[in-house]
1. So the label point goes 7 Å from the Cα of Asn203 along Cα→C-beta, right? Which residues of the stretch 113-141 then have their backbone N under 12 Å from it?
2. Quick check on my link table: of Lys174/Lys198; Lys269/Lys289; Lys135/Lys198; Lys227/Lys269, which ones sit more than 19 Å apart, alpha carbon to alpha carbon?
3. Would you please give the residues with an amide H less than 5 Å from that of Asp108, counting only those at least 5 places away or on a separate chain, with H modeled from the backbone geometry?
4. So how much accessible area does His252 have, in Å² to the nearest 10, using a 1.4 Å probe?
5. How long are the semi-axes of the equivalent ellipsoid of the stretch 134-273, taking √(5λ) for every eigenvalue λ of the Cα gyration tensor, in whole Å from largest down?
6. Just reorder Tyr226, Tyr179 by solvent-accessible area, largest first, 1.4 Å probe, all chains present.
7. If you stretched the chain out fully between Ile147 and Asp254, how much longer would it get, using 0.36 nm times the residue separation minus the C-alpha to C-alpha distance?
8. Students sometimes get this wrong: rank Leu346, Leu103, Leu234 by accessible area, probe 1.4 Å, all chains present, largest first.
Amino acid sequence: MEASNKIMEKDVGLCAMLTLVLLLAPATAAVLALPSEVGAAGSKAQYGGVVESGQTAADDTRASLSSLWSYSTVTEDRKTMPRRKRKAAKYDHTLHGDQHELLPYFQDHTNASNITAQLGSTAYLNCRVNRLRDKTVSWMRRDGDQIKLLTWGLHTYSNDARYSLNFEHPNNWKLQIKYTQRRDQGSYECQVSTHPPKVLSVNLNIVAPVVDIIDDRGSSVSEKFYKTGSTIELKCTISQMPQAQTFILWRHGDHMLNYDTSRGGISVKTDMSSSVIVSTLFIANATPKDSGNYTCSLGDVATGSVLVHVLNGEHPQAMHGSSRKDLCSLTLVLLLSSLTTLINLLR
């Protein structure tokens, strides 16, 4: 009886040992399949946590099995995740933000600007681009619904030779328009070849200066009279000038007076302290030879003219007065003659 009990106890112990081996076999295989950094943790750290000195072997086994289950679940989730979704998640997290920060941008904070240029001058339209990298800057001319390409990079594509790209270091892709005309007025766009393109709008205004010759009261005058030996004084005003100019020329007929030293007594004084430029021509000791047409011009852009008469003898005002008296006398004579003729016909 005792012998049979001992045999039974040995069988039970053997079955228990085999059962334990079967239970631990998957766990052992999983531990061997873990990455090296997990297996190298040893007795100090398991994949799911740290083994403390008071833990038993059973607790250690349960912790290992729990950690293996968590690792297996994460691995399976990554395997079953669609490839497209994983790529999108990786792009959003690592690249999208960096590329957004590296996009080109305009140095000028406003997305539109107004430029005013004088008729016949050279206009410059600025476009400062930071962090351009491999992108390209181009200039377009917008005319209603039509868009014309003017420049692409450093190359000019316009048939109009007045247009060109004038790059200014370090980042100004400046459009240059020479000899501006009224038809150049309008809207221009500086574009950067991002997706979608970044656009800076520039509106160009063309103004023509107004040149006028005035008298002492500030009124426009087309004719002036002077006595022989007096000083001719002609005053010319120039307004609507966005750009300061100094080449205001005076001419007597085709002869330029600004630098004339042959006659003597000629001087030009120009005041540019206000928005309206005033240029005054002085000619001392006037003679009848100084009579004629005088012009004040701003290059080839605008011109004002006045006809000057230098008279011998009486003052111009007296001349005007005598002329008016003669005209009245002639009118009276004609009227009396007409009345005499009418009376004779009635008889």
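1. Those under the cut-off are 113-116.
2. Details: Lys174/Lys198 16 Å; Lys269/Lys289 23 Å; Lys135/Lys198 11 Å; Lys227/Lys269 22 Å.
Table pairs above 19 Å Cα-Cα are Lys269/Lys289; Lys227/Lys269.
3. Correct list: Arg128.
4. 50 Å²
5. On the way: eigenvalues 451, 54, 33 Å².
Semi-axis lengths for the stretch 134-273 are 47, 16, 13 Å.
6. Numbers: Tyr226 30, Tyr179 150 Å².
Largest to smallest exposure gives the sequence Tyr179, Tyr226.
7. Details: separation 107, 0.36 × 107 = 38.52 nm, distance 4.47 nm.
Between Ile147 and Asp254, full extension yields 34.0 nm more.
8. On the way: Leu346 140, Leu103 70, Leu234 0 Å².
Largest accessible area first, the list is Leu346, Leu103, Leu234.
The values are calculated or read from the model by the stated rules, or taken from the named source; none is laboratory data. Given the structure is predicted, the values throughout are model-derived calculations rather than measurements. Positions of Cβ are backbone-derived with ideal geometry, glycine not excepted, and every protein chain shown enters the neighbour counts. With ligands, DNA and RNA removed, areas are computed over all heavy atoms of the protein, side chains included. Shrake-Rupley method; radii C 1.70, N 1.55, O 1.52, S 1.80 Å.
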